[in-house]
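Enquirer: The structure is given below, and queries will be raised subsequently.
Just so it is clear, none of the values below were taken in a lab; they were calculated from the coordinates. Since this is a predicted model, take the numbers as computed values, not measurements. Counting neighbours? That spans all protein chains shown, and the Cβs are built from the backbone with ideal geometry, glycine included.
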Amino acid sequence: MQETKTKSKYTNAIHAGQHPDPVFGGINVPIYQSSTFVFKDAKQGAARFTGEEDGYIYTRIGNPTIKALEDNVAVLENGYGSLATSSGMSALSTLVMALLDSNSHMISTAAVYGSSRTLVEELFSKFGVEYDYVDTSDINNIKKCLKPNTKALFVETPANPTMALTDIRACAQLAKENGLTLVVDNTFASPILQNPLDLGADIVYHSVTKFINGHADVVGGIIVTKTQDLFDQIKKTLVLSGATMDPNQAWLVLRGVKSLALRVEKAQDNAIKIARFLENHPKVAWVNYPGLKSHPQHDLAKNQMEGFGSLLCFGMKSGFEAGQKLINTINIPALAVSLGGIESLIQHPASMTHASISRENREKAGITDELIRMSVGCEGFEDLKNDLEETLSKID
Ligand code: LCS
């Protein structure tokens, strides 16, 4: 399925999977806003359904605009193929449905996006899926939870919102030894900075709402598999569950992805400077950013990532109240959830993105009340720094 694997990520983000409109030569893939596709005759319709003939049938099963996005991200992640979904959450629910059943067990990173955990704890548990959420930054914690019916290991690295990392190569080894499918949520790194399939993972998925689209105007998800077998298994689940993407959504994401490498580069250049600024600020107690030497897994970040990204979290010396004051008064970063967009955002995970997790589980996962998460965008660094400096100066 791949075509431009050997080119740079700048080139692939712009060109992979993209073909000019075959009718008029328009440079962008058109929005094929059609729910269904006309067959020349009954024989052709039947041949499309059996798979004897390639071609489109119905948009839930496949659509040329969605396919262009899928081909693009498959190349960026070095995968066999990819499947676009209606949201990041539907990418995850499709994977759980495809890989697990009422007799099986999964292990996952504890500090994942709040709804990702709640989905399994509250919804899939109703269908008999067993789970353990552990600190996967220590491989021994995963080993301790292995059971005869463990089928899949879900890892989010860097983790939302703690920025803890998990060693993907070590997990891949463990997964291989124990017959597990290793799934990595690569949303925080984006395909520009980390390619889990190259490190031994079987499946990678993204909330494309974040970096891949990058402009806070689409909710979407994507799954990339390493093999055709996994692709076929997941495609069947996705087409049946109907959690597919819409062509309009796909077209917007195709527009966003063209600048992915540039946005990631600029945002992380800002983020490392912001992280250093905060780390040296007398009112800030701690900063978690994989690019700082103080990050406990800084070496792992250098080893498995091609950059440190643009998400960070921190706590104020005077605690929760000071953090709340900061997010209420800061000017440029908007007080809003989501991340990975061109604009900076700031939020309070314990009461917002991770509020659906019990306090006990949140605290065990390191998501304390004082933790503030910032998604650093592509604004001018001096503007972001001056804004933070001025805001901090007004907080006790
Ligand atoms: N995976 C990660 C790492 C996420 O951060 C999110 C959403 C999802 C999956 C789900 O994707 P969605 O369905 O929203 O496209 N994270 C959010 C966050 O931290 N703030 O708002 C949404």
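Enquirer: Measure nothing but the geometry: give the 0 to 90° angle between the long axis through the Cα atoms of 260-279 and the longest principal axis through the Cα atoms of the chain, rounded to 10°.
Expert: 20 degrees
Enquirer: Mind checking the full-extension length gain between A47 and N141? Use 0.36 nm per residue of separation minus the Cα-Cα distance, one decimal, nm.
Expert: 28.8 nm
Enquirer: Give the dimensionless ratio obtained when the Cα radius of gyration of segment 203-340 is divided by 2.2 N^0.38 Å.
Expert: 1.30
Enquirer: To continue, here is another question. Rounded, prolate or oblate: which one fits segment 70-223, using the alpha carbon gyration tensor with axes a ≥ b ≥ c (rounded when a/c is under 1.5, else prolate when a/b beats b/c, else oblate)?
Expert: prolate
Enquirer: Please rank K317, K325, fewest neighbouring Cβ atoms within 10 Å first, as an exposure proxy.
Expert: So the residues, fewest neighbours to most, are K317, K325.
Enquirer: What ranking of D387, D41 emerges when the number of other C-beta atoms within 10 Å of each C-beta is taken as an exposure proxy, fewest first?
Expert: D41, D387
Enquirer: What do you get when you divide the Cα radius of gyration of segment 1-100 by 2.2 N^0.38 Å, with N the number of residues? Intermediate values should be presented prior to the final figure.
Expert: Values: Rg = 15.5 Å, N = 100, 2.2 N^0.38 = 12.7 Å.
Compactness ratio reported: 1.22.
Enquirer: Right, next: In whole Å, what are the Cα extents of the chain along the three principal axes, biggest one first?
Expert: Cα spread of the chain along its principal axes, largest to smallest: 75, 54, 34 Å.
Enquirer: Once each part is reduced to its C-alpha centroid, what is the distance from segment 161-234 to segment 281-324 in angstrom?
Expert: Between the Cα centre of segment 161-234 and that of segment 281-324, the gap is 22 Å.
Enquirer: Sticking with this structure for a sec: For a protection proxy built on the mean count of beta-carbon atoms within 10 angstrom, sort 337-348, 204-215 highest first, please.
Expert: Most protected by this proxy first, the peptides run 204-215, 337-348.
Enquirer: Which of G323, W286, S338 sits closest to the plus end of the dipole of segment 260-393, meaning its Cα is farthest towards the positive end, when Lys and Arg get +1 and Asp and Glu get -1 on the C-beta?
Expert: It is W286, whose Cα lies furthest towards the positive end.
Enquirer: Okay, moving on. Could you identify which residue out of R359, R373, R255 has the top mean-square fluctuation in a GNM of the chain using Cα springs shorter than 10 Å?
Expert: R359
Enquirer: Still on this model: Restricting the count to DSSP beta bridges whose residues both fall in segment 36-173, what percent are antiparallel, rounded to a multiple of 5? Walk me through the numbers on the way to the answer.
Expert: Working: 1 of 10 bridges.
Beta bridges within segment 36-173, antiparallel portion: roughly 10 percent.
Enquirer: I'd like the per residue volume of the convex hull spanned by the Cα atoms of segment 242-322, given in cubic angstrom.
Expert: 160 Å³
Enquirer: Considering only DSSP beta bridges with both partners in segment 9-257, what is the antiparallel share in %, to the nearest 5?
Expert: 40 percent
Enquirer: Still on this structure, please answer the following. Specify the angular offset, from 0 to 90 degrees and rounded to the nearest 10, of the alpha carbon long axis of helix 64-76 from the longest principal axis of the alpha carbons in the chain.
Expert: So the inclination is approximately 50 degrees.
Enquirer: Here's a follow-up. For the chain, take the longest principal axis of its alpha carbons; what is the angle in degrees between that and the long axis of helix 381-393, to the nearest 10 within 0 to 90?
Expert: 40 degrees
Enquirer: Could the peptides 225-235, 24-34, 241-251, 192-202 be put in order, highest first, of the mean number of other beta-carbon atoms found within 10 Å of their residues?
Expert: So the peptides 225-235, 24-34, 241-251, 192-202, ranked by packing, come out 192-202, 241-251, 225-235, 24-34.
Enquirer: Which of rounded, prolate, oblate describes segment 260-393, given a ≥ b ≥ c as roots of the alpha-carbon gyration tensor eigenvalues and a/c under 1.5 marking rounded, otherwise prolate only if a/b is larger than b/c?
Expert: Working: a/c = 1.40, a/b = 1.13, b/c = 1.23.
Rounded.
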